[in-house]
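Chemist: Dropping a structure here in structure tokens format, bear with me for questions.
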Amino acid sequence: MLIKSFVSSFALLQLGAARVQFLGIGIAGGDFGCEIDGSCPTGSTQLPLRSFNLGGGDGEGQMKHFSQDDGMNLFRLPISWQSLVNNQLGARLDASNLAKYDKLVQACLATGAHCMIDIHNFARWNGGIIGQGGPTDEQFVSLWTQLATKYAGSANIVFELMNEPHDLDVPTWAATCQKVITAIRSAGALKQMILLPGTNFDSAAHLVGSGSAQALMALTNPDGTTDNLLLDVHKYLDEDNSGTHAACVTNNTDAFGEVAAFLRQAGRKAIVSETGAAPAGSACMERFCEQNAFINANSDVFVGLVAWAAGSFDTSYILGLTPSQKNGKYVDNALATKCVVGTWLESSEFAPPAVSSASARASSSSAGGSGSSSAVATSPTTTQSTSVEVEGGVSTSESTVIEASTPTPAPTLTTTALVVSSGLPLPATVSETLAGLDAPNTVTGTIQTTATRNLVPGASATKSTVTSGGLSRAVSCRGGLVWFSAVVGFVATAGLF
Ligand SMILES: *[C@@H]1O[C@H](CO)[C@@H](O)[C@H](O)[C@H]1NC(C)=O
């Protein structure tokens, strides 16, 4: 057998941390019963607090779990307008109902997270559009003035003016929002983030085209600044952006890319306060992860990502991210683990170039052959393949296919036995453990260079390799973002791995 030695190089992409500052999940229930015409029967409200004994979910326990175990730091707390004023449009906040909602808010604040007040009324009250034939601007301003007064001293409160406006006149809606911004600041809530939602259900696919983004980003604080005024963005992955179908048909990178470009040019930021996918839906694990990796990758303009939903939804809800109880502890489902938490944690380690690449070359020196390998990591994807061909006295080929279905949190690709042999064909053993991917692999050869990076637990992968004679190997693993790219060249007989 001819001996080849390879000079290898590796490229490791590490471009700095980049992930959304705020990650969280919607703690639903206060919105239950709300229809898109803004009718929200208060009898349907199910605030997610066990202590009320009303059949609602354990939002308090969930938020503790999400913050302590997953590091989440933003929870969205939907509530209906009708509930807050006990069906009396324009009235004072109802003391009893407000106290209940406040209990949820305080449970959220107690975790240290930011807590988003979401008025879940689709810019309407019982069929009428705010400021456009339905409730007056003053009635809506009254609602927000009272809420802002109550929470003026809580820096971690986020005011989401309205959930998913639709079918309304955008400039008129923007003018309504301006009045509310002014009222909130005037009530003493000077610094809190305010989220401004556009029409078409706040869809990322329409915010720019509908003129919503432009109209809303023109609004200002009373002092003329735009500090802490953020665009509110929603988007689902199903066929009609309704979040009611299991199948994920898009990863939304076009839509979020358009919003990101707009924001970048405008010098502004947004929070994606609602997006979700079905844990059991076809292609959801892939596309939801891709989407969320993309949002994290654009964290210069997207400062937050809130997935829908837990709270009073039970675990069987089509978009359910409600954790289940195991041995007295909450455990996330795979979609939450991989696509919500996983993409976020990975993004903290590696930067997220929209397109990144790594390449590695191996060349043969002693047998007149030539070899090459390349590993190219493109934009977030879950499939990697590497092929190596070495021509010369001996044919060597290797193809590696790694399909890491989705990224998840902790480092689990551990390459041990880093051996540098200056090109000499010294035997060495590399034990490479691809936890969560497949069984440990052993390769015998002389390792000239190698590198380690993180993979993630729970990722599923298949890997197939064919080797003969000398072998050069490039590894590039990716699942949403680049974790690892290295090339290993070695000589002598290689075991299969
Ligand atoms: C989103 O899907 C498109 C089309 O399948 C694909 O080209 C693109 O790479 C995906 N984006 C990400 C971030 O994975």
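The values are calculated or read from the model by the stated rules, or taken from the named source; none is laboratory data. On a predicted model such as this, the values are computed, not experimentally measured, just so you know. So basically every Cβ, Gly included, is an ideal-geometry build from the backbone, and we count neighbours across all protein chains shown.
Chemist: Can you name every residue in the stretch 165-216 that is under 18 Å from Ile119 (Cα atoms), more than 23 Å from the chain's Cα centre (by Cα) and of a type in the set (Val, Ile, Thr)?
Modeler: Once the filter is applied, which keeps residues that are under 18 Å from Ile119 (Cα atoms), more than 23 Å from the chain's Cα centre (by Cα) and of a type in the set (Val, Ile, Thr), the stretch 165-216 yields Thr176, Val180, Ile181, Thr182, Ile184.
Chemist: Do we find a residue being in contact with a Ser or Thr (Cβ under 6 Å, 6 or more places away or on another chain), more than 21 Å from Leu230 (Cα to Cα) and of a type in the set (Val, Ile, Thr) anywhere in the stretch 296-309?
Modeler: Within the stretch 296-309, not a single residue is in contact with a Ser or Thr (Cβ under 6 Å, 6 or more places away or on another chain), more than 21 Å from Leu230 (Cα to Cα) and of a type in the set (Val, Ile, Thr).
Chemist: Additional query: Got a number for residues in the stretch 228-237 being among the charged types (D, E, K, R) and within 15 Å of the ligand (Cβ to nearest atom)?
Modeler: 1
Chemist: Among the residues of the stretch 81-92, are any over 23 Å from Thr315 (Cα atoms) and either touching a Cys at 6+ places or on another chain (Cβ under 6 Å) or at pLDDT below 95 (or both)?
Modeler: Yes: one or more hits.
Chemist: For the stretch 285-309, how many residues meet the condition of being part of a helix (DSSP H, G or I) and more than 13 Å from the ligand (Cβ to nearest atom)?
Modeler: At the first step, the residues of the stretch 285-309 found to be part of a helix (DSSP H, G or I) are 285-297.
Subset that is more than 13 Å from the ligand (Cβ to nearest atom): none.
Counting residues in the stretch 285-309 that are part of a helix (DSSP H, G or I) and more than 13 Å from the ligand (Cβ to nearest atom) gives 0.
Chemist: Looking only at the stretch 50-83, count every residue that is touching a Leu at 6+ places or on another chain (Cβ under 9 Å) and either more than 20 Å from Asn156 (Cα to Cα) or β-branched (Val, Ile, Thr) (or both) and tell me the total.
Modeler: Qualifying residue count, the stretch 50-83: 8.
Chemist: Tell me, yes or no, whether the stretch 152-160 has at least one residue that is closer than 29 Å to Ser210 by Cα and touching a Pro at 6+ places or on another chain (Cβ under 9 Å).
Modeler: Within the stretch 152-160, one or more residues are closer than 29 Å to Ser210 by Cα and touching a Pro at 6+ places or on another chain (Cβ under 9 Å).
Chemist: Next question, about the same structure. Looking only at residues that are within 14 Å of the ligand (Cβ to nearest atom) and assigned to a helix (DSSP H, G or I) in the stretch 246-284, which one is farthest from Phe159 (Cα to Cα)?
Modeler: Cys284
Matching residues to (1) surrounded by 22 or more Cβ atoms within 10 Å (Cβ to Cβ); (2) touching a strand residue (DSSP E or B) at 6+ places or on another chain (Cβ under 8 Å); (3) modelled with pLDDT of 95 or more; (4) under 25 Å from Leu196 (Cα atoms):
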residue	(1), (2), (3), (4)
Gly243	no, yes, yes, yes
Arg268	no, yes, yes, yes
Gly281	no, no, yes, no
Cys289	yes, no, yes, no
Asn292	yes, yes, yes, yes
Phe302	yes, yes, yes, yes
Leu319	yes, yes, yes, yes
Ser324	no, yes, yes, no
